[in-house]
Amino acid sequence: MIEDLMSKITSLAKRRGFIFPGSEIYGGIAGFYDYGPLGVELKNNIKKLWWQEMVYKHDEIVGLDSAIITHPKVWEASGHVTAFTDPLIECRSCHKRFRADNLENISDKQKSKMLSKQSLTDKNKEYIKNADKVCPDCGYAINTHVDTPKQFNLLMKTYLGTVEGEKDATYLRGETCQGIYLNYKNVLDSMWKKIPFGIAQIGKAFRNEITPGNFTFRTREFEQMEMQWFIKADLKESEKWFTYWKEERMKWYLSLGFKKEIMPRRQPILSITRHFPGKNLKESIIGVIGIFRGIQNLVELTYYILITKQKINISLGLLRPQLELIE
């Protein structure tokens, strides 16, 4: 039912000129979309409203537009090179690859149907009997106890330089916040800001998703609206600002016409610690019931990112905890 509704929404968005599949005349490319005449106007209106609310209404928040490509050490320092991963598994039957944590559990009925085939070897029968997942494409059994998922890095690699063999490997940014961290001291010095203050940014991010889908909710190229709020290293101060921004963002969504009953909060989301080891965090996601995933993350971070960057000699000046707000 949900899949049918999403299919209707996708079709309607294309017919009305909002969103088109990327490179459609060449067969399309998974995880990329082009915004049509109405889509780009809608997207620009949302960005303008967000910028007006987050930057123009707050004297203590300034804007930034950082580069998409940065020094590769930025991603080493943030932990993305080693820890920005999703579990990858391959189906033995169709050989397609999927995110292991998104697979559905296999039922006894599905197992019985597969085991009824005469051509199965004893080894294959044992594999199916102990299987715990099912392939979403061909319906074959997947045994994650035997085929252990591998960690697949989501960063998109690219190369800089003109001479073959001497090109430097780097990455398209997997998130916009790293540019904010890199320019923390520049903003502090040039704008004469004092704690607490915020840095806001709207920009493109890229992730090599294993299984892009669900329309624009899991794509390989997307846009983030983000504000990092830097505060004093104090627990009470942290709690105060976390609560403040959580409520402020909910008010903004309601002012746009969203109904509160379809915007639940979920807290915490523990899986985020896979990407950011060693951090104290709590997260509040404002989402929409049904087919929609999260539309906003509000995460409380500690010193992990800034301290790690300093350890590999990227100078960031004062170290401060911060609240990360991504929309």
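The values are calculated or read from the model by the stated rules, or taken from the named source; none is laboratory data. Not measured: the values here are computed from a predicted model. When we count neighbours, we look across all protein chains shown, and the Cβ atoms used for this are built from the backbone with ideal geometry, even at glycine.
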Residues being touching a strand residue (DSSP E or B) at 6+ places or on another chain (Cβ under 7 Å) and closer than 23 Å to Y253 by Cα - total across the stretch 19-50: 6
Matching entry among M191, M156 (being exposed (fewer than 13 other Cβ atoms within 10 Å of the Cβ), aliphatic (A, V, I, L, M) and touching a residue at least 40 places away in the same chain (Cβ under 8 Å)): M191
Filtered residue count, the stretch 65-83, keeping only those that are surrounded by fewer than 21 Cβ atoms within 10 Å (Cβ to Cβ) and out of contact with any helix residue (DSSP H, G or I) (no Cβ under 6 Å at 6 or more places or on another chain): 12
Any chance G39 is in contact with a Gly (Cβ under 9 Å, 6 or more places away or on another chain) and assigned by TED's automatic domain parsing to the domain that holds R220: yes
Hits in the stretch 169-189 - residues which are in contact with a Phe, Trp or Tyr (Cβ under 7 Å, 6 or more places away or on another chain) and at pLDDT below 90: A169
Cross-chain or 6+ apart pairs with Cβ under 6 Å, the stretch 39-61 first and within 19 Å of F18 (Cβ to Cβ), then of a type in the set (S, T, Y): K43/Y35
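For M225, indicate whether it is touching a residue at least 12 places away in the same chain (Cβ under 8 Å), surrounded by 13 or more Cβ atoms within 10 Å (Cβ to Cβ) and either outside any helix (DSSP H, G or I) or not assigned by TED's automatic domain parsing to the domain that holds G39 (or both).
Values: touching a residue at least 12 places away in the same chain (Cβ under 8 Å): yes; surrounded by 13 or more Cβ atoms within 10 Å (Cβ to Cβ): yes; either outside any helix (DSSP H, G or I) or not assigned by TED's automatic domain parsing to the domain that holds G39 (or both): yes.
Spelling it out, M225 is indeed touching a residue at least 12 places away in the same chain (Cβ under 8 Å), surrounded by 13 or more Cβ atoms within 10 Å (Cβ to Cβ) and either outside any helix (DSSP H, G or I) or not assigned by TED's automatic domain parsing to the domain that holds G39 (or both).
Which members of the stretch 126-153 meet the condition of being in a helix (DSSP H, G or I) and either exposed (fewer than 14 other Cβ atoms within 10 Å of the Cβ) or assigned by TED's automatic domain parsing to the domain that holds S78 (or both)? Can you show your working first?
First, the residues of the stretch 126-153 that are in a helix (DSSP H, G or I): 126-129.
Within the stretch 126-153, E126, K129 meet the criteria.
Please indicate, with yes or no, whether at least one residue in the stretch 60-78 is among the basic types (K, R) and within 24 Å of T216 (Cα to Cα). Even if it seems obvious, please write down each step before you answer.
Going residue by residue through the stretch 60-78, those that are among the basic types (K, R) are 73.
Restricting the remaining residues to those that are within 24 Å of T216 (Cα to Cα) gives none.
No, the stretch 60-78 has no match at all.
Has the stretch 200-214 got any residue that is modelled with pLDDT under 85, small (G, A, S) and crowded, with 17+ Cβ neighbours inside 10 Å? Talk me through it step by step, then tell me what you get.
First, the residues of the stretch 200-214 that are modelled with pLDDT under 85: 211-214.
Retained after the next criterion (residues that are small (G, A, S)): 213.
Cutting the leftovers down to crowded, with 17+ Cβ neighbours inside 10 Å gives us none.
The answer is no; no qualifying residue exists.
Under the condition of being of a type in the set (S, T, Y) and in a helix (DSSP H, G or I), which residue from the stretch 1-38 is surrounded by the fewest Cβ atoms within 10 Å (Cβ to Cβ)?
The initial filter retains those residues of the stretch 1-38 that are of a type in the set (S, T, Y), namely 7, 10-11, 23, 26, 33, 35.
Within this subset, residues satisfying the condition of being in a helix (DSSP H, G or I) are 7, 10-11, 26.
On the way: S7: 11, T10: 17, S11: 10, Y26: 7.
Once the filter is applied, the top-ranked residue is Y26.
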Breaking point among (1) of a type in the set (D, E, K, R); (2) part of a loop (DSSP other than H, G, I, E, B); (3) in contact (Cβ under 8 Å) with a residue 60 or more places away in the chain, for K185: (2)
